[in-house]
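What follows is one structure encoded as structure tokens, with my remarks underneath.
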Amino acid sequence: MNELNDQINQIKNQFFDQLQETRTEAELFQVEKNFLGKKSGPVTQLLKKLSELPPEERPKWGQSVNELKKLLELELAQKRQNLVNTDEPQLWWDYTLDKFAVGRGHWHPISLVLKDMVNFFASMGFEVAQGPEVETEFYNFDALNIPSNHPARDVWDTFYLKTGEVLRTHTSSVQIRTLMQRTPPLRVISPGRCFRYEEVDATHLAVFNQMEGLMIDKNICLSDLKGILHKAIEFIFGNSLKTRFRPAFYPFVEPGLDLDCQCIFCGGSGCSVCKQTGWIELIPCGMVHPNVIRNCGHDPEVYRGFAFGMGFDRIVMLRYGINDMRLLYKGDLNVLSQF
């Protein structure tokens, strides 16, 4: 133990000599590394010797080294506090460094639209519901009245995992989970990422953002759906954007509709973004199919409702005049800095 005491005293003397000469945070970090470094620090080396000692000597050796370690850590913390509180900024600031501008961060355009839409629907009495991105076929398909032979369940459209589960193709699965857990009346929106085996182009991605909405009550009708969606479009784009409803088929709604908006890039004359149609599909929607309400444990003779699904990425494209959805995900600061 005499040898240990000599080593401890030597380490203390060297430590306090270096600590006294320390003037900056960088120098203090180096002192800490010199004495408490996990690889070559002398304190660490003393602790490693424990395994070489006879069992009866280990407790006292370990206690002495740990006391040394605590002392050094306490002195380092005190020195660091002194450097922070010093009245002499030259002790901690390096004036030889070149100056640089610090830019102010900002919201990503997708996050901006998401925030606005959540606030809008919250004002309409909707609450946000979340669910898993890896789903079972029951929540993603079966409960939504999508039969086993429907093309949407084909491997070309859906990512299947080895476990038999799927990456959710829509956030309708969150609506199902919520409706099964709660009793109407119910108003929820479910924003989140979805996954489909899509051919990537200017308006389609394999991973995209979506927000679905669900309203279930005893006296809901199609005019409620159209009124709320018209208000949502006005909130996001103003009154200038032309829209239309047209019939569509989806297994989980009856009747089913598509809310389209006039293409802002060509004014309706036809272009590559709208595929020469003059219109862009914006919000698939409709009245919830009775089978879906029944699958969730409620009586469709008592409760009715509507559902809709918004592709956030397309809304961002239209709101900010972006003609290629892929630009939103490339992380190009020349694009994102404009927002």
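Tell me which residues, restricted to the range 283-295, are outside any helix (DSSP H, G or I) and either buried (at least 22 other Cβ atoms within 10 Å of the Cβ) or not hydrophobic (A, V, I, L, M, F, W, C) (or both).
Let us first name the residues in the range 283-295 that are outside any helix (DSSP H, G or I), namely 283-289.
Once the filter is applied, which keeps residues that are outside any helix (DSSP H, G or I) and either buried (at least 22 other Cβ atoms within 10 Å of the Cβ) or not hydrophobic (A, V, I, L, M, F, W, C) (or both), the range 283-295 yields ILE283, PRO284, CYS285, GLY286, VAL288, HIS289.
Go through (1) surrounded by fewer than 14 Cβ atoms within 10 Å (Cβ to Cβ); (2) under 15 Å from GLU67 (Cα atoms) and name the single condition PHE35 misses.
Every listed condition holds for PHE35 apart from (1).
Which residues, taken from the range 12-30, are under 18 Å from LEU74 (Cβ atoms) and either in contact (Cβ under 8 Å) with a residue 24 or more places away in the chain or in contact with a strand residue (DSSP E or B) (Cβ under 6 Å, 6 or more places away or on another chain) (or both)?
LYS12, PHE15, PHE16, LEU19, THR22, GLU25, LEU28
Can we say ASN149 is assigned by TED's automatic domain parsing to the domain that holds ILE280 and assigned to a loop (DSSP other than H, G, I, E, B)? So that I can check it myself, show each step before the final result.
Details: assigned by TED's automatic domain parsing to the domain that holds ILE280: yes; assigned to a loop (DSSP other than H, G, I, E, B): yes.
In short, yes.
Conditions tested, residue by residue: (1) outside any helix (DSSP H, G or I); (2) modelled with pLDDT under 80.
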| position | (1), (2) |
| --- | --- |
| LEU4 | no, yes |
| LYS12 | no, no |
| PHE15 | no, no |
| LEU19 | no, no |
| THR22 | yes, no |
| LEU28 | no, no |
| VAL31 | no, no |
| PHE35 | no, no |
| LEU50 | no, yes |
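Among all residue pairs at least 6 apart or on different chains, which show Cβ distances below 8 Å where the first residue, located in the range 31-52, is within 14 Å of GLU75 (Cα to Cα) and the second is polar (S, T, N, Q) and not in a helix (DSSP H, G or I)?
Close Cβ pairs satisfying both conditions: VAL31/THR22.
Does the range 181-200 hold any residues that are of a type in the set (Ser, Thr, Tyr) and crowded, with 20+ Cβ neighbours inside 10 Å, and which are they? Show your work before the answer.
Restricting attention to the range 181-200, the residues satisfying the condition of being of a type in the set (Ser, Thr, Tyr) are 183, 190, 197.
Selection gives SER190 alone.
Can you tell me how many residues within the range 152-179 are closer than 28 Å to ILE220 by Cα, part of a loop (DSSP other than H, G, I, E, B) and charged (D, E, K, R)?
Final tally of qualifying residues: 1.
With the requirement that a residue be closer than 20 Å to LEU214 by Cα and either surrounded by fewer than 16 Cβ atoms within 10 Å (Cβ to Cβ) or of a type in the set (S, T, N, Q) (or both), what does the range 137-153 give you?
PHE138, ASN140, ASP142, ASN145, listed by residue number.
The values are calculated or read from the model by the stated rules, or taken from the named source; none is laboratory data. Every value quoted in this text rests on a predicted model; they were computed, and no experiment measured them. When we count neighbours, we look across all protein chains shown, and the Cβ atoms used for this are built from the backbone with ideal geometry, even at glycine.
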